[in-house]
Amino acid sequence: MPRKKKTEEEREEKKEDKVETEEEKKDTDVKQETKEEAKPKRTRKKKEAKEKVEEEKTEKKIEKTEEEKEKFKKALEEKAKELEAKIDKKPEEKDMKEEVVESEKKRKRSQKTLFPLDDYVKYSAHLGTKAITPHMRPFVYKRRADGLAVLNTNSIDEKLKEAAEFLKDFKPQDIFLACKREAGWKAAKKFSEVTGIKVFTKKYPAGIITNTQLEDFFEVELIIICDPWLDKNALNDASKVKRPIIGLCDTNNLTTGITKIIPCNNKSSKSLGLILYLLAREYLTARKQEKEAEKLKLEDFTGVEESELEEREEKRVEKSRFEKSSTEKEEKTEEIEKGAKEGV
């Protein structure tokens, strides 16, 4: 009997344990369900919060755009009022006349040139070399088919004006011209004869303005050189003494140390003669020697008469026309031959 009782008690205890485990399982399941139900609620709250933030941002942007539009409208209205006020103001007749006169003066000044721009071409002052340095690139207009650089005639005339204005402030005894190139000797000597400025042709004696122990030493205030490369000794001496330099520069020249650049063809006797003639003429007129300036002849500087230049120019134009016509004929014949071959 006691054994049976024990077994029954054990059974009852086991049943009770099973019931407790089942109840615990049910409790855990319920907790998990509550957790799962709580998760979507949290995500919803986050989404709602994000949406609210975005809505607030969009509202602020809209407000800003509206404020900017209002500011822009106000600015436009103010400008319109200013324009209306300007239109309403009637200028006096005297002021209008003065403005017209000044504008006409400026126009005439801009139209005036030292020499006709087409004539620079006649004297080949616009022709450069095949080499173009970075210093001279701003003055180059284009390259020809044969590779030669072409200088801008407007820049030649403008820089000549600047150099002439700069030159007039110096006395003849305080200036010298260096021209080692043989093509410019005739023009350089004529320039010296007319202006009274000292000239060094063939060879410049180096150190004549820097070495005080030399017998021929003299002081100078301005130097003119016809080529920075050939006249480099004069250029170096001037830079040592820190004196200004006017330089006739071609497209292949470097312009370091030169105060006033005159872009031109510094290898042709015609071009050098033209540039020195214009400098001499402007220098004499500036020093109130107008009669002497009027007596100057361009032929004496260039060694070529205008009639000869005109004849050469006409021949050159005829040659160019003939070459163009011949090239056009050749192109036409080539086209006809190609068409015939294709037809065959």
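The values are calculated or read from the model by the stated rules, or taken from the named source; none is laboratory data. It should be emphasised that the depicted structure is a prediction, and the values quoted were computed from it without experimental measurement. Heads up, the Cβs are rebuilt from the backbone with ideal geometry, glycines too, and the neighbour counts pull from every protein chain shown.
Would you point out which residue out of D216, D157, D169 is surrounded by 16 or more Cβ atoms within 10 Å (Cβ to Cβ) and of a type in the set (D, E, K, R)?
Numbers: D216 fails: surrounded by 16 or more Cβ atoms within 10 Å (Cβ to Cβ); D169 fails: surrounded by 16 or more Cβ atoms within 10 Å (Cβ to Cβ).
On inspection, the qualifying residue turns out to be D157.
Tell me, yes or no, whether the stretch 142-152 has at least one residue that is within 23 Å of S268 (Cβ to Cβ), touching a residue at least 24 places away in the same chain (Cβ under 8 Å) and either touching a Cys at 6+ places or on another chain (Cβ under 9 Å) or assigned to a helix (DSSP H, G or I) (or both). Yes, that holds for at least one residue. Being outside any loop (DSSP other than H, G, I, E, B), small (G, A, S) and out of contact with any His (no Cβ under 6 Å at 6 or more places or on another chain) is a property that A238 has.
Filtering the stretch 191-230 to residues that are free of Cβ contacts under 8 Å to residues at least 60 places away in the same chain, in contact with a strand residue (DSSP E or B) (Cβ under 7 Å, 6 or more places away or on another chain) and aromatic (F, W, Y) leaves F200, Y204.
Residues of the stretch 150-175 being hydrophobic (A, V, I, L, M, F, W, C), in contact with a helix residue (DSSP H, G or I) (Cβ under 8 Å, 6 or more places away or on another chain) and within 19 Å of E219 (Cα to Cα), which ones?
Quick first cut of the stretch 150-175, residues hydrophobic (A, V, I, L, M, F, W, C) only: 150-151, 156, 160, 163-164, 166-167, 170, 175.
Subset that is in contact with a helix residue (DSSP H, G or I) (Cβ under 8 Å, 6 or more places away or on another chain): 151, 156, 160, 163-164, 167, 175.
Listed by number, the residues that qualify are L167, I175.
Filtering C226, C249 for residues that are hydrophobic (A, V, I, L, M, F, W, C), surrounded by 22 or more Cβ atoms within 10 Å (Cβ to Cβ) and touching a Ser or Thr at 6+ places or on another chain (Cβ under 9 Å) leaves a single hit, C249.
Among I209, I175, which is the only one that is in the same structural domain as A293 (by TED's automatic domain parsing), under 23 Å from L296 (Cβ atoms), over 26 Å from the mean Cα position of the chain (by Cα) and not small (G, A, S)? Steps first, please.
Working: I209 fails: under 23 Å from L296 (Cβ atoms).
After ruling out the rest, the residue left standing is I175.
Kindly indicate whether any position in the stretch 306-313 is over 28 Å from the mean Cα position of the chain (by Cα) and either closer than 18 Å to T201 by Cβ or at pLDDT 95 or above (or both). Checked against the condition, which is being over 28 Å from the mean Cα position of the chain (by Cα) and either closer than 18 Å to T201 by Cβ or at pLDDT 95 or above (or both), the stretch 306-313 yields no hits at all.
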